[in-house]
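Presented below is the structure to which this report refers.
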């Protein structure tokens, strides 16, 4: 079995196990009231980050680990046109679902450690909760290098991920130290901004379900309880 096929199988098994364990409605705000404020806080961090870099709606944007395209749908709702939005994922079923739901978007089935896009192609490369699921640091490093490679000098890399994992098996937090190591902060990139998002899942889901009015006040008063952040890096000009 090829490396790509092995990774595709591992990815499919990860998601199958996740939804078998957590339930199909785990991240569905219509069916799970514990999700709503988590999602709002998540999106808040993204909007604040995009405001900071003054997103231009003509930018070409690549979503790495795009799945079925949920993050690209968010960008469509912000006014970007589908011809500027690209996504790559190694899981065939998720790419097939994305193409069926949003045929105007540019989906690619492929390995993000060896992307076929030319260097300096995109204005922004982004990921959403992908690196926390990658415990193989060789693979993570390959994806990070590719994200830097395909972004134009002076372009941006947006990382929307979890900064804590508390040693849970199958997860590896995208901490500031890990970001610096993977993305060559100080040499290949520089940090532009960090915007806090969702609370740690057990707490955030409980507040979203039972005490939603306390959700954002708690984020402000106890920021260390915020587990998800959006970090924007800028590629250092050659």
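The values are calculated or read from the model by the stated rules, or taken from the named source; none is laboratory data. Note that this is a predicted model, so its numbers are computed, not measured. Here the Cβ is made from the backbone with ideal geometry for all residues, glycine too, and neighbour counts use every protein chain on show.
So, residue 62, is that one modelled with pLDDT of 95 or more, under 25 Å from residue 113 (Cα atoms) and outside any helix (DSSP H, G or I) or not? It is true that residue 62 is modelled with pLDDT of 95 or more, under 25 Å from residue 113 (Cα atoms) and outside any helix (DSSP H, G or I). Where strands (runs of 3 or more DSSP E) fall entirely within segment 150-238, those with at least 1 residues that are on the phi > 0 side of the Ramachandran plot and at pLDDT 95 or above are at 151-162. Would you pick out the residues in segment 219-238 that are within 19 Å of residue 43 (Cα to Cα) and buried (at least 17 other Cβ atoms within 10 Å of the Cβ)? Within segment 219-238, 219, 226, 227, 228, 229, 230, 231, 232, 233 qualify. Could you tell me whether any residue of segment 189-199 is surrounded by 15 or more Cβ atoms within 10 Å (Cβ to Cβ), without any contact (Cβ under 8 Å) to a residue 60 or more places away in the chain and more than 17 Å from the chain's Cα centre (by Cα)? The answer is yes; a qualifying residue exists. Out of curiosity, is residue 155 more than 26 Å from residue 33 (Cα to Cα) and under 20 Å from the mean Cα position of the chain (by Cα)? Considered against the rule, which asks whether it is more than 26 Å from residue 33 (Cα to Cα) and under 20 Å from the mean Cα position of the chain (by Cα), residue 155 comes out as yes. Residue 12 passes every criterion in (1) assigned to a helix (DSSP H, G or I); (2) at pLDDT 80 or above apart from (2).
Taken as a whole, the condition of being crowded, with 18+ Cβ neighbours inside 10 Å, touching a helix residue (DSSP H, G or I) at 6+ places or on another chain (Cβ under 8 Å) and not in a strand (DSSP E or B) does not apply to residue 74.
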